[in-house]
Amino acid sequence: MANYQEIVHLNVGGTRFATSWHTLTWVPDTFFTALLSGRIPTVRDETGAIFIDRDPNLFGLILNFLRTRDIDLTTVNIRALRHECDYFGITPLCRRLALCDEMNHSACGDVLFYGYLPPPLNPPIPGNGNTRNTTNCSRKNSTASNTDVATNRSHSRNSSLDLRTVGRIPSQDQLSRCGRGHSRAASLGNTECHKVNTWADSLKVQIIKAHHNWIAVAYTHFVTGYRLTDSCGWYVVFQSPVQDSVIERIALNAKTGGGATSSGSNTSGTDVMLGIASGPLVRLWAFSTHTEPVRRTLVGTFNLGVRVEQLVFVGPQLVALSGAGARSKAGVWHTSTQHWQTQDVAHLTTHDTAGSFLLLGTATGAINYIDMQKFPLRMKDNDLLVTQLYKDPNQEPITAISVYLTPKTNLCGNWIEIAYGTRYGSVRVIVQHPETVGHGPQLFQTFTVHQSPVTKVSLSENYLVSVCSEYNHVRSWRVTRFRGMISTQPGTTPKAAFKVLALEAPTAQPHNDCGPYGEQDEEQIFIQKVVPDTDTLYVRLASNGKRVCTIRSVDGSAVSCFTVAECEGALRPRRLLLCGHRSGAAQLWDLTAPTDRAARLAPPAAAATGEGEESPVGEGGPSPDELVRLLSACELDAAPALPHSPSRLQL
């Protein structure tokens, strides 16, 4: 039996400690009991002290706990100390630190958490013989499982669903049990293991979109639609047919008007239109959700001729765009004429919508537009009438465009403001007002503050925000207005400069766009996702880069895609962050209150003092400690990359 009063000399990371045998071993079954009993081989330094290659600062805290049974956590990194306690096996302290750490995290999320949509338990599999399209789909049959309809209708803000179980990809046993139901995957339990893995992979949310109080969650081969009501919260309403090809783009439009389909059937009462693009093909579905069962109608399958890169609704019109160099095309389907029309648009690079107008930026420096309201009157020789609106004075390729419709637009219809960015880093604002209607928009202001291609630009009521490809470098200006119109007195003043770092190439995941998001008459925000596989997002003000809040997945699953949408509620529209996850779940966060609070706490406008205000770098994004923790989950490639490349850091 060892002498418990014996002094033990330790060398921890180069720092010497002296304590008693009893102090180190009063907690049973620890690293120290194994070390002093000889079960762990010891290494001694030149003085004979036992060497332990760990952090001496954290070890000092642990040793003090072993001496006094107490610890001061006011200036301690709890997560790092908890890791050390796990290594040394100090169970009493591990439990205390775990409780302290979990006090700041909840399976129900924090006060921003708005809803949880679990993954479908028995998703349909493409290629199955039972996946033929039908014209009817009931609200119950379109849910994740017909055996748990109550669960699907409990996805509201007050849901008590256990997120720790449904938030993860189902196990093979769960998938086999689900396959015994009525679903198209009924024979899954008898398939090979590689098919189970394929099914699990297809549960990843690829795209998430929203319009009004509707959400479309796109998986690899099908789309599920959810609706928000005050009485039921979020619940499944429809599910699209299974697509043989991988879904690459979707577009959602709620509350559309009725009409006749190309097959002559009546779509009166149709309140949801869903467009799905795979390669060059676009399929348009109409859902009449006011009837039971939900009626689903295939409006048509259209071919753009080239791969669809953008799919959007401009009012009730569905627009497909492709900017594949000289083969750039635009396809338009009009709801009243039931006509699909394609048109070559030279060197398409970017686009934006304003009312019924679709504006197209080109690589030749021209801004063209198509008036959807006058379709098909705006046609000539069976072609879309694409009209040139403006030509860049230096003929720089236009890479980003933003349109702001002022209050004067609704009064006289001929006042419009457009901001656009170019490949050479210029940001220009052009204005058309009543005095220059016959001459087109006039150049208002030019900013040359970027050295890389401009990827995003946003002109709102109060701010002009631009983003370039150098690690999403952002510049913002405060806009001066007089009676709602942009003014040169005292003029646009610089506001902030910061970076929204995202270590993921834009082409790798086009559905993780950092923004800016938000209505043009409100404070806009950026969503920062630093590394590809992370459960953490940073919400930042677009005007100054300051952090609004930090979003963490409630079930620990990685975020695969996200978007921000204004959803209609009972009292006022809510700004929601919609996150799709690799587990197949969708999580919703209400950003309305924190965004308003962050905007109120922002410093006074620079325009009031006439001096520009630069926001300090790093105030809104991840701190160095947070960034190191995020980077520990990915592997950086040390190979050199081209300068000013958006994917300079390869993962």
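Side notes on the structure shown:
- Residue within the stretch 452-471 that is part of a loop (DSSP other than H, G, I, E, B), loosely packed, with under 14 Cβ neighbours inside 10 Å, of a type in the set (Gly, Ala, Ser) and modelled with pLDDT under 90 present: no
- Candidates in the stretch 5-32 are the residues that are more than 20 Å from Thr68 (Cβ to Cβ) and among the small types (Gly, Ala, Ser); of these, the one that is least open to solvent (accessible area, probe 1.4 Å) is Gly13.
- Of all the criteria given as (1) over 28 Å from Val628 (Cα atoms); (2) open to solvent by 30 Å² or more (accessible area, probe 1.4 Å), the one not satisfied by Asp72 is (1).
- Looking across the stretch 207-241 at every residue that is open to solvent by 40 Å² or more (accessible area, probe 1.4 Å) and either touching a strand residue (DSSP E or B) at 6+ places or on another chain (Cβ under 6 Å) or part of a helix (DSSP H, G or I) (or both), the one that is modelled with the lowest pLDDT is identified as His212.
- Residues located in the stretch 311-341, provided they are part of a strand (DSSP E or B), over 19 Å from Ile367 (Cα atoms) and open to solvent by 20 Å² or more (accessible area, probe 1.4 Å): Phe313, His339, Trp340
- Failed item, numbered, when Ile525 is tested on (1) more than 17 Å from Ala585 (Cβ to Cβ); (2) in contact with a helix residue (DSSP H, G or I) (Cβ under 9 Å, 6 or more places away or on another chain); (3) open to solvent by 10 Å² or more (accessible area, probe 1.4 Å): (3)
- Residues being surrounded by fewer than 16 Cβ atoms within 10 Å (Cβ to Cβ) and part of a loop (DSSP other than H, G, I, E, B) - total across the stretch 33-53: 12
Table: residues versus (1) at pLDDT 60 or above; (2) not aromatic (Phe, Trp, Tyr).
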residue	(1), (2)
Ile250	yes, yes
Asn253	yes, yes
Gly258	no, yes
Asp271	yes, yes
Leu274	yes, yes
Val282	yes, yes
Phe287	yes, no
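- Restricted to the stretch 292-308, and to residues there that are among the aliphatic types (A, V, I, L, M) and assigned to a loop (DSSP other than H, G, I, E, B), the residue that is surrounded by the fewest Cβ atoms within 10 Å (Cβ to Cβ) is Val306.
Listed here are the residues, each with its yes/no results for (1) within 20 Å of Cys567 (Cα to Cα); (2) modelled with pLDDT of 85 or more.
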site	(1), (2)
Lys495	no, yes
Phe498	no, yes
Leu503	no, no
Ala508	no, no
Asp513	yes, yes
Pro516	yes, yes
Leu541	yes, yes
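The values are calculated or read from the model by the stated rules, or taken from the named source; none is laboratory data. Here the structure is a predicted model, which is why all the values come from computation and not from measurement. Here the Cβ is made from the backbone with ideal geometry for all residues, glycine too, and neighbour counts use every protein chain on show. Each accessible area value is taken on the protein alone, full model and side chains, heavy atoms only, with ligands, DNA and RNA left out. Shrake-Rupley method; radii C 1.70, N 1.55, O 1.52, S 1.80 Å.
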